[in-house]
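*Asks:* Below is the structure I would like to discuss, written out as structure tokens.
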Amino acid sequence: MEKAPVNLKGRSFVTLLDFTPEELRFLLDLAARLKALRRAGRAGGHLAGKNILLLFEKTSSRTRCSFELGAAEEGARVSYIGPGLSQFGKKESLEDSARLFGRFYDAIGFRGYGSCETVRDLARFSGIPVWNGLTDDDHPTQILADFLTMEEHLRKPLAETKVVFCGDTRNNMAYAWIYGCARMGMRFVAYGPAALAPDPAVLARAAAAAEATGAEISFSDDAACLAGADVICTDIWASMGEEDKIAERVRLLAPYKVTEALLARTGNDAVRFMHCLPAFHDFETATAAEQRALGLDIREVEDAVFRGRHSVVFDEAENRLHTIKAVMVATLADGAIEG
Ligand code: CP
Ligand code: NVA
């Protein structure tokens, strides 16, 4: 029997676990097509007349710019509310703010301190699609960009790849990788100290998804897990909102810093290094310099790796634009959209 065409119109984008492998395939193909159109100078028009709100409780460069520029290129109007700039959550409840936003806008891009449940509540009370631009427990638009980057660089099916995430395997990026890899039938190892192992409930959700796709999702604190990796990735050691934990994180995570020696443990000379960014790879940021003055080296990756031949981090960053655009177009555009 023929499969029904994928139609994501009206859907929120909360976590990759909400989507079937076919739907994620559709979004990746659409992103590749939108990227090619933009490079050919033919971007635009899918979101003409739409009004989009970006509601960000946390700072952002890539995610905000991708939503804002992507929406503008497709013809939508965008309002941006940055951290601390609205009544949301302070003088007005989530429910009341969402009801208001639902009267004004066609969709919301949200980045915040809550969980995926916060995104679902926003969608429920506003009555419009809400896209998760990072919560404390997930970062699904980032993984779409990471998958597109892997397909461009590795030139083999995602289901044949192995990814090892090094460091804080309890954070939003680690969880987003876990969910995405489970959905796409990949091998994924969360490599870090037992004290920062993923929540068993997250691994259980991934295991349930993996039953249908054949994915292998695991945690390890043994460097032997690096062998055969196609991708080594990491993230900052203290996520937004956890800045007070940095001293403890440096103590726990220094052995998991991504170094050239760690890459060599993969045994794969073509291994790719990925990072959602922003990254601490030198002391050229106020944060890294301040911490160094206090005796802490917070770099999660060596500068030589970040700038070296294995690194694809700026291709990955560019792909945020194309993949976020695909999410917006697929869920909001009028008329049929081909993946
Ligand atoms: N990777 C990412 O989400 O970057 P920003 O925090 O700059 O949006
Ligand atoms: N884990 C990081 C990701 C930033 C894109 C954070 O939440 O700060």
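The values are calculated or read from the model by the stated rules, or taken from the named source; none is laboratory data. Keep in mind that what you see is a predicted model, and the values were worked out from it rather than measured. As a convention, Cβ positions derive from the backbone with ideal geometry for all residues, glycine included, and neighbour counts pool all protein chains shown. The accessibility values were calculated without ligands, DNA or RNA, using every heavy atom of the protein model including side chains. Shrake-Rupley method; radii C 1.70, N 1.55, O 1.52, S 1.80 Å.
Conditions (1) among the aliphatic types (A, V, I, L, M); (2) out of contact with any helix residue (DSSP H, G or I) (no Cβ under 6 Å at 6 or more places or on another chain); (3) within 15 Å of ligand 1 (Cβ to nearest atom), marked per residue:
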| residue | (1), (2), (3) |
| --- | --- |
| Lys90 | no, yes, no |
| Asp96 | no, yes, no |
| Phe104 | no, yes, no |
| Pro129 | no, no, no |
| Ile143 | yes, no, yes |
| Thr149 | no, no, yes |
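*Asks:* Restricting attention to segment 126-148, which residues are in contact with an Asp or Glu (Cβ under 7 Å, 6 or more places away or on another chain) and surrounded by fewer than 24 Cβ atoms within 10 Å (Cβ to Cβ)?
*Replies:* Ile128
*Asks:* Determine if segment 223-230 includes at least one residue that is part of a loop (DSSP other than H, G, I, E, B), within 16 Å of ligand 2 (Cβ to nearest atom) and open to solvent by 10 Å² or more (accessible area, probe 1.4 Å).
*Replies:* no
*Asks:* For segment 105-162, give me each residue that is among the acidic types (Asp, Glu), more than 19 Å from Ala229 (Cβ to Cβ) and under 12 Å from the mean Cα position of the chain (by Cα).
*Replies:* Within segment 105-162, Asp136, Asp137, Asp138 meet the criteria.
*Asks:* For segment 314-339, what are the residues that are among the aliphatic types (A, V, I, L, M) and either farther than 14 Å from Cys65 by Cβ or within 16 Å of ligand 2 (Cβ to nearest atom) (or both)?
*Replies:* Ala317, Leu321, Ile324, Ala326, Val327, Val329, Ala330, Leu332, Ala333, Ala336, Ile337
*Asks:* Next up: Quick check on segment 234-253. Is at least one of its residues modelled with pLDDT of 95 or more, within 20 Å of Phe314 (Cβ to Cβ), within 16 Å of ligand 2 (Cβ to nearest atom) and in a loop (DSSP other than H, G, I, E, B)?
*Replies:* Checked against the condition, which is being modelled with pLDDT of 95 or more, within 20 Å of Phe314 (Cβ to Cβ), within 16 Å of ligand 2 (Cβ to nearest atom) and in a loop (DSSP other than H, G, I, E, B), segment 234-253 yields at least one hit.
*Asks:* Working carefully through the options Ala317, Ala288, Ala261, Ala270, find the one that is aliphatic (A, V, I, L, M) and either touching a helix residue (DSSP H, G or I) at 6+ places or on another chain (Cβ under 8 Å) or in contact (Cβ under 8 Å) with a residue 60 or more places away in the chain (or both).
*Replies:* Ala317
*Asks:* Just need a number here: residues in segment 206-222 that are in contact with a strand residue (DSSP E or B) (Cβ under 9 Å, 6 or more places away or on another chain) and part of a helix (DSSP H, G or I).
*Replies:* Summing the residues that are in contact with a strand residue (DSSP E or B) (Cβ under 9 Å, 6 or more places away or on another chain) and part of a helix (DSSP H, G or I) in segment 206-222 gives 4.
*Asks:* Okay, next question. Using the structure shown, decide if Met173 is farther than 24 Å from Lys245 by Cα and either open to solvent by 30 Å² or more (accessible area, probe 1.4 Å) or part of a helix (DSSP H, G or I) (or both).
*Replies:* So Met173 fails the test.
*Asks:* Within the set of pairs 6 or more residues apart or between chains, which connect a residue that is over 12 Å from Ala197 (Cα atoms) inside segment 161-172 to a residue that is of a type in the set (Gly, Ala, Ser) with Cβ atoms less than 7 Å apart?
*Replies:* Every condition considered, the pairs that remain are Lys162/Gly228; Lys162/Ala229; Val163/Ala229; Val164/Ala229; Asn172/Ser239.
*Asks:* If you check Ala238 against the conditions, is it under 18 Å from the mean Cα position of the chain (by Cα) and open to solvent by less than 50 Å² (accessible area, probe 1.4 Å)?
*Replies:* Considered against the rule, which asks whether it is under 18 Å from the mean Cα position of the chain (by Cα) and open to solvent by less than 50 Å² (accessible area, probe 1.4 Å), Ala238 comes out as yes.
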